[in-house]
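Below: the structure, in structure tokens.
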Amino acid sequence: MLLGILIGLAAAFGIFQGVKALLADPPPPGVGGFQFVSSVAGQGGAIWAVGDGEANDAGRAVADRIASAPFDRLLYLGDVYGSETAAEFARNYTPTYGRFARRTAPTPGNHDWPNHETGYDPYWRKALGRGRAAAWYSFNAGGWRILSLNSEADHSARSPQGRWLRSELRKPGTCRIAFWHRPRFSAGRHGDQADVAPLWKALRGRATIVLNGHDHGMQRMRPVGGITAFVSAAGGRSHYGVDRDDGRLAFSDDKTYGALRLVLRRGSAAFAFVAADGRVLDSGTIGCRR
């Protein structure tokens with residue numbers, strides 16, 4: 001009888017340890033070709049978003065800042081730098097943001113995509129466990145629908161991506177966040193990217209927040225058509241100047257390295273641009289229609 005009790009206690013302890021490990025860093029279930037997981041039953045709403053990183057002091061400082069606060073998911077907004085071969089992912093991504101790979105939702109940048117079959121795709125296939133590296137996909141977080149789109153693949157209205165996006169947007173409401181690399185609107189060096197207009201047009205009236213990288217720095221645009229656009233591309237590579245006279249800007253910083261933090265709740269998203277040294281540079285709350 002005593003032996004039976006001990007066996008039962010050992011089994012219970014093993015189950016407890018298994019659940020504890022799952023909550024700490026669970027194996028990711030398949031979602032749209034990628035695998036993702038949250039520490040809160042698939043709905044965790046603490047998110048970081050950044051792109052355009054590099055394995056230098058600035059990139060490591062931003063990654064350390066991300067690691068300093070509990071979070072469910074990192075949205076990596078594209079570009080590792082160089083020509084994004086497998087060797088460059090190993091050299092420039094793994095030492096910085098690679099530590100978060102199992103909690104990362106990536107989108108490819110313009111530097112990533114030309115060699116995606118030998119760099120981006122195999123890196124994320126290995127990092128996320130199984131399945132092909134989806135070019136676009138969606139998942140839920142904090143009561144919001146998150147859409148990872150691809151500015152480097154065909155995104156015209158009649159393309160497979162365009163048709164998929166419209167199917168994702170059929171239901172009413174605006175509690176959606178879309179992210180891709182090259183911004184539709186930017187006051188930075190690269191400026192507005194007119195070719196991604198089909199993505200923006202499809203999202204109007206169906207989303208509240210759009211996140212992009214590409215123009216190295218931080219920007220928050222005033223809402224356009226009910227959508228607030230953020231550029232969070234101060235991940236470590238360099239800085240591009242911002243035209244501060246651009247009347248569309250609500251906030252910009254082209255001198256500081258840092259990342260955007262979002263805390264998602266049903267019906268609202270709190271945001272903050274956080275510098276690598278911990279300073280909050282810009283913050284606020286955005287509501288959505290469920």
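The values are calculated or read from the model by the stated rules, or taken from the named source; none is laboratory data. The model shown is predicted, which means the values in this text are computed figures rather than measured ones. Neighbour counts run over all protein chains shown; Cβ positions are idealised from the backbone, glycine included.
Here is how the numbers come out for the structure above:
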{"read-out": "Selected residue (criterion: surrounded by the most Cβ atoms within 10 Å (Cβ to Cβ)) from residues of the stretch 170-195 that are touching a Phe, Trp or Tyr at 6+ places or on another chain (Cβ under 7 Å) and either in contact (Cβ under 8 Å) with a residue 24 or more places away in the chain or farther than 22 Å from Asp52 by Cα (or both)", "value": "Ile177"}
{"read-out": "Neighbours by Cβ (under 7 Å, 6+ apart or cross-chain): first from the stretch 269-280, in a loop (DSSP other than H, G, I, E, B); second among the aromatic types (Phe, Trp, Tyr) and crowded, with 19+ Cβ neighbours inside 10 Å", "value": "Ala276/Tyr257"}
{"read-out": "Test set (1) surrounded by 23 or more Cβ atoms within 10 Å (Cβ to Cβ); (2) on the phi < 0 side of the Ramachandran plot; (3) in contact (Cβ under 8 Å) with a residue 40 or more places away in the chain; (4) not aliphatic (A, V, I, L, M) - Gly142 fails condition number", "value": "(2)"}
{"read-out": "Search result, residues across the stretch 224-240 that are under 14 Å from Gly213 (Cα atoms) and touching a Gly at 6+ places or on another chain (Cβ under 9 Å)", "value": "Val231, Ser232, Ala233, Ala234, Gly235, Gly236, Arg237, His239, Tyr240"}
{"read-out": "Failed criterion for Ala105 (all others in (1) of a type in the set (A, V, I, L, M); (2) out of contact with any strand residue (DSSP E or B) (no Cβ under 7 Å at 6 or more places or on another chain); (3) within 15 Å of Trp180 (Cβ to Cβ) hold)", "value": "(2)"}
{"read-out": "Qualifying residue in the stretch 256-270 (condition: at pLDDT 95 or above, of a type outside the set (A, V, I, L, M) and under 20 Å from Leu165 (Cβ atoms))", "value": "no"}
{"read-out": "Residues of the stretch 86-130 classified as in a loop (DSSP other than H, G, I, E, B), in contact (Cβ under 8 Å) with a residue 12 or more places away in the chain and not β-branched (Val, Ile, Thr), total", "value": "11"}
{"read-out": "Test: residue in the stretch 42-51 that is at pLDDT 95 or above, of a type in the set (Val, Ile, Thr) and either in contact with a strand residue (DSSP E or B) (Cβ under 8 Å, 6 or more places away or on another chain) or within 15 Å of Ser148 (Cβ to Cβ) (or both)", "value": "yes"}
{"read-out": "Extreme residue, farthest from Tyr123 (Cα to Cα), among residues of the stretch 68-92 that are of a type in the set (Phe, Trp, Tyr) and touching a Phe, Trp or Tyr at 6+ places or on another chain (Cβ under 7 Å)", "value": "Phe71"}
{"read-out": "Members of the stretch 204-260 that are closer than 19 Å to Tyr76 by Cα and surrounded by fewer than 16 Cβ atoms within 10 Å (Cβ to Cβ)", "value": "Ser238"}
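Every residue, every condition in (1) at positive phi; (2) free of Cβ contacts under 8 Å to residues at least 12 places away in the same chain; (3) surrounded by fewer than 18 Cβ atoms within 10 Å (Cβ to Cβ), yes or no:
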position: Gly51; (1), (2), (3): no, no, no
position: Gly59; (1), (2), (3): no, no, no
position: Ala69; (1), (2), (3): no, no, yes
position: Val80; (1), (2), (3): no, no, no
position: Glu84; (1), (2), (3): yes, no, no
